[in-house]
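Okay, so here's the structure we're looking at.
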């Protein structure tokens, strides 16, 4: 039992490291947009989308860590709840947050969806590997 828990924690750490890669890529693209003259709104939108996607990804990691010892169906519910939450936050920010903070919505959506797209693949990899680990 201890060996399985240790292997799952190792996979969770690997998922955390893999989720940092799209975050670093998006942050570097934000820096590039900041260096372009006249790209202030583009930079603000891209940076806001990047930060929001990073926060939601780390929130998902925290949820998975809490549900790691339970059965795979609970983890699947966490994945679907997390994805639904991410889409709801995207809609909230695009329609409601624009009136509070001025940013480019297109760049926000691109940064947010790129970050989420990469992390969804990592989430599914983690789920499949945990199922395989529990079957063995």
### Query
Which one of these does residue 105 not meet: (1) at pLDDT below 75; (2) surrounded by 14 or more Cβ atoms within 10 Å (Cβ to Cβ); (3) over 16 Å from the mean Cα position of the chain (by Cα)?
(1)
### Summary
In the stretch 78-102, anything surrounded by 13 or more Cβ atoms within 10 Å (Cβ to Cβ) and more than 16 Å from the chain's Cα centre (by Cα) is listed as 94, 97, 98
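Being modelled with pLDDT of 75 or more and surrounded by fewer than 14 Cβ atoms within 10 Å (Cβ to Cβ) narrows it down to one residue among 110, 128, 120; which is it?
128
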### Summary
For the stretch 67-82 the number of residues that are at pLDDT 75 or above and outside any helix (DSSP H, G or I) is 0
### Query
Just wondering, is there one or more residues in the stretch 15-28 that are surrounded by fewer than 16 Cβ atoms within 10 Å (Cβ to Cβ), assigned to a helix (DSSP H, G or I) and more than 16 Å from the chain's Cα centre (by Cα)?
yes
### Message
I want to confirm something. Restricting to the stretch 35-51 and keeping residues that are out of contact with any helix residue (DSSP H, G or I) (no Cβ under 7 Å at 6 or more places or on another chain) and part of a helix (DSSP H, G or I), which single residue is farthest from residue 100 (Cα to Cα)?
### Response
35
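Which members of the stretch 50-70 meet the condition of being more than 11 Å from the chain's Cα centre (by Cα) and more than 17 Å from residue 123 (Cβ to Cβ)?
69 - this is the single residue of the stretch 50-70 that is more than 11 Å from the chain's Cα centre (by Cα) and more than 17 Å from residue 123 (Cβ to Cβ).
Table: residues versus (1) part of a helix (DSSP H, G or I); (2) free of Cβ contacts under 8 Å to residues at least 12 places away in the same chain; (3) under 30 Å from residue 133 (Cα atoms).
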residue: 13; (1), (2), (3): yes, yes, yes
residue: 30; (1), (2), (3): yes, no, no
residue: 33; (1), (2), (3): yes, no, no
residue: 53; (1), (2), (3): yes, no, yes
residue: 62; (1), (2), (3): yes, yes, yes
residue: 65; (1), (2), (3): yes, no, yes
residue: 84; (1), (2), (3): yes, yes, yes
residue: 93; (1), (2), (3): yes, no, no
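The values are calculated or read from the model by the stated rules, or taken from the named source; none is laboratory data. Just so it is clear, the structure is predicted and the values come from calculations on it, not from any experiment. Here the Cβ is made from the backbone with ideal geometry for all residues, glycine too, and neighbour counts use every protein chain on show.
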